[in-house]
Amino acid sequence: MDYSQTIAHIHQQLLLEKNHGQVAGYIPELATVDSEKFGVCLINTDNVCFWAGDWQEQFSIQSIIKVVTLSLAYQKLDAQLWQRVGVEPSGTPFNNLSRLEHDYGIPRNPFSNAGAIVVCDVLMELFSDPREVVITMLRTLASDEAIHFSQAIAASEKSEGYRNMALAYFMKSMGNIMHDVEDVLDLYFDVCSIAVNCEQLARIFIYLAKHGRSADDRHSYLSRAQAKRINAIMLTCGFYDEAGDFAFRVGLPGKSGVGGGIVAVMPGEFSLAVWSPRLNEKGNSYRGLRFLEQFTSMTEKTIF
């Protein structure tokens, strides 16, 4: 299917509409991003690429990386991983403390900040150099060695990361963080800082459109059952406390980040990345959500 005209049409229509929301100003480096940038890239399982706008400009991956770190941990531990982090939607903001206290230090899901911090702790157990493992996986999936960490963004997040520190120290007190809290948080901030563009992001997530396999079918990152479960968690937990609304309006597994990126997957067909830095009150890209809702409505490409 040729998506060129559909993508171009929706992109142009949204540029004519008012762009609501604000950039993630609570992270100083993200506050400097041009709020009117807007890029889209779709790559299908035949490796055909369709794009519009600022699809080649880099942005901070932020919480979207949580899908990759989860995949690395899940590949190694399988069901054992769920002893330390759940798979339920939280219904609360991504950095909420009260829910974590209620659940005795076990995060509701791996896409909350607390859940992703636990996954980083797990990666420190599994790999001697988890940063290298994460960046190598991204570069391999994207077929692009240019993907890199952003020291400036990582430092900026750490300078204001008090809520994440509170989450990590509370989980440490409950026995769900095994390593030094500062070391775990350093890994967490580093992986969230990674810079990507829409094309790279869409290529990275092809493995979840291909049931755990790489674009060329030469490597299996997850079993088919594991890929199914990660797509399910993306659908139910990938958009903080707006996940239900995303499933209702868009109908695809996806994950957002406060850098303004969103990636969505149609299993068996394509991976679609959108970037627009202005966020709604839930922390998700305003234009990104609008684009995806219109795209799935026009193409009727949803999992439902």
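The values are calculated or read from the model by the stated rules, or taken from the named source; none is laboratory data. Quantities reported herein were computed from a predicted structural model and do not represent experimental measurements. Don't worry about glycine lacking a Cβ; one is built from the backbone with ideal geometry, like all the others, and counts go over all protein chains shown.
So residue 108 passes all but one of these: (1) touching a residue at least 12 places away in the same chain (Cβ under 8 Å); (2) in a helix (DSSP H, G or I); (3) surrounded by 16 or more Cβ atoms within 10 Å (Cβ to Cβ). Which condition number does it fail?
Exception for residue 108: condition (2).
Go through segment 188-213 and give me each residue that's part of a helix (DSSP H, G or I) and among the aliphatic types (A, V, I, L, M).
In the first step, residues of segment 188-213 are kept if they are part of a helix (DSSP H, G or I); the result is 188-192, 198-204, 206-209.
Once the filter is applied, which keeps residues that are part of a helix (DSSP H, G or I) and among the aliphatic types (A, V, I, L, M), segment 188-213 yields 191, 201, 202, 204, 206, 208, 209.
Taking segment 211-226 only, how many residues are under 21 Å from residue 110 (Cβ atoms) and out of contact with any Pro (no Cβ under 8 Å at 6 or more places or on another chain)?
Looking only at segment 211-226, we keep the residues that are under 21 Å from residue 110 (Cβ atoms), and these are 211-212, 220-226.
Checking the rest, the ones that are also out of contact with any Pro (no Cβ under 8 Å at 6 or more places or on another chain) come to 212, 220-226.
So the count comes out to 8.
Residue by residue through segment 114-131, note down the ones that are assigned to a helix (DSSP H, G or I) and either at pLDDT below 95 or among the hydrophobic types (A, V, I, L, M, F, W, C) (or both).
114, 116, 117, 118, 119, 120, 122, 123, 124, 126, listed by residue number.
Scan segment 202-255 residue by residue and report those that are without any contact (Cβ under 8 Å) to a residue 40 or more places away in the chain, over 16 Å from residue 268 (Cα atoms) and among the small types (Gly, Ala, Ser).
247
Among the residues of segment 264-283, write down those that are surrounded by fewer than 24 Cβ atoms within 10 Å (Cβ to Cβ) and assigned to a loop (DSSP other than H, G, I, E, B).
Of everything in segment 264-283, those that are surrounded by fewer than 24 Cβ atoms within 10 Å (Cβ to Cβ) and assigned to a loop (DSSP other than H, G, I, E, B) turn out to be 267, 268, 269, 278, 280, 281, 282, 283.
When you scan segment 73-105, how many residues do you find that are modelled with pLDDT of 95 or more, surrounded by 18 or more Cβ atoms within 10 Å (Cβ to Cβ) and not in a helix (DSSP H, G or I)?
Residues in segment 73-105 being modelled with pLDDT of 95 or more, surrounded by 18 or more Cβ atoms within 10 Å (Cβ to Cβ) and not in a helix (DSSP H, G or I): 4 in total.
Using beta carbons and a limit of 6 Å, which pairs, at least six apart or on different chains, have the first residue in segment 1-20 and closer than 20 Å to residue 278 by Cα and the second one modelled with pLDDT of 95 or more and assigned to a loop (DSSP other than H, G, I, E, B)?
Note: pairs meeting the criteria are 19/278.
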